[in-house]
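Here's the structure, in structure tokens; my notes come after.
The values are calculated or read from the model by the stated rules, or taken from the named source; none is laboratory data. Note that this is a predicted model, so its numbers are computed, not measured. Neighbour counts are summed over all protein chains in view; Cβ atoms, including those assigned to glycine, are modelled from backbone coordinates with ideal geometry.
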Amino acid sequence: MKKTMNFRTAFIAPFCAAGLALSLAACGGSEAPVEEAAEQAGVPGMSVDNARLVLPPVAGNPAAIYFDVAYEGDRGLAIRKASVEGAESAMLHNYTEWEGKMQMMEALDIVVKKGDKIAFEPGGQHVMAFGLPEDLAVGSSVEVTLTVSGGATQTFSAEVRAAGEER
């Protein structure tokens, strides 16, 4: 019986080794998945243009961020939150009527579907950035990230503008 086990081991071992080598070779090319991930960065079908951060007229107050979103993705989604590079916090805001007055409030999720073009603009939807770095200079840019339902993110650069500049 001992000879039979050695024969089986000697006969089967090369096939197992060959199968293991083929399995490892199949796992080898890691560059293709990395390239695919780079191509799929951001929210598929979403684009952001005309992004600008307008500094507050009084240092220490929050800044406003305006931009235009276009969406051509196949699945509806909702913009759930925003973050701004270097800021302590950021919040989606909107103006709404409350007790007969227009007031700025934190926005609910912003629903986006195929073909939508949404302007984040003064007097409407926008992002407020709180606790910005003191050295943030006019003419520089900051990264803004939108997070949508499901956790995907869209990051874009926003030009930093002075308080009195065109919004």
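Summary of computed values
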| read-out | value |
| --- | --- |
| When residues of the stretch 97-153 are limited to those that are polar (S, T, N, Q) and farther than 25 Å from D74 by Cα, the one farthest from the chain's Cα centre (by Cα) | Q103 |
| Leading residue by the ranking (surrounded by the most Cβ atoms within 10 Å (Cβ to Cβ)) among those in the stretch 48-68 that are in a strand (DSSP E or B) and without any contact (Cβ under 8 Å) to a residue 24 or more places away in the chain | N50 |
| Residue in the stretch 148-159 that is surrounded by fewer than 12 Cβ atoms within 10 Å (Cβ to Cβ) and in contact (Cβ under 8 Å) with a residue 12 or more places away in the chain present | yes |
| Residues satisfying the stated conditions in the stretch 81-123, i.e. assigned to a loop (DSSP other than H, G, I, E, B) and among the charged types (D, E, K, R) | E85, E88, E99, D109, K113, K114, D116, E121 |
| Residue match in the stretch 92-112 (condition: surrounded by 15 or more Cβ atoms within 10 Å (Cβ to Cβ) and closer than 19 Å to P44 by Cβ) | yes |
| Filter result for Y71 (assigned by TED's automatic domain parsing to the domain that holds P56, surrounded by 16 or more Cβ atoms within 10 Å (Cβ to Cβ) and either out of contact with any Pro (no Cβ under 7 Å at 6 or more places or on another chain) or at pLDDT below 95 (or both)) | yes |
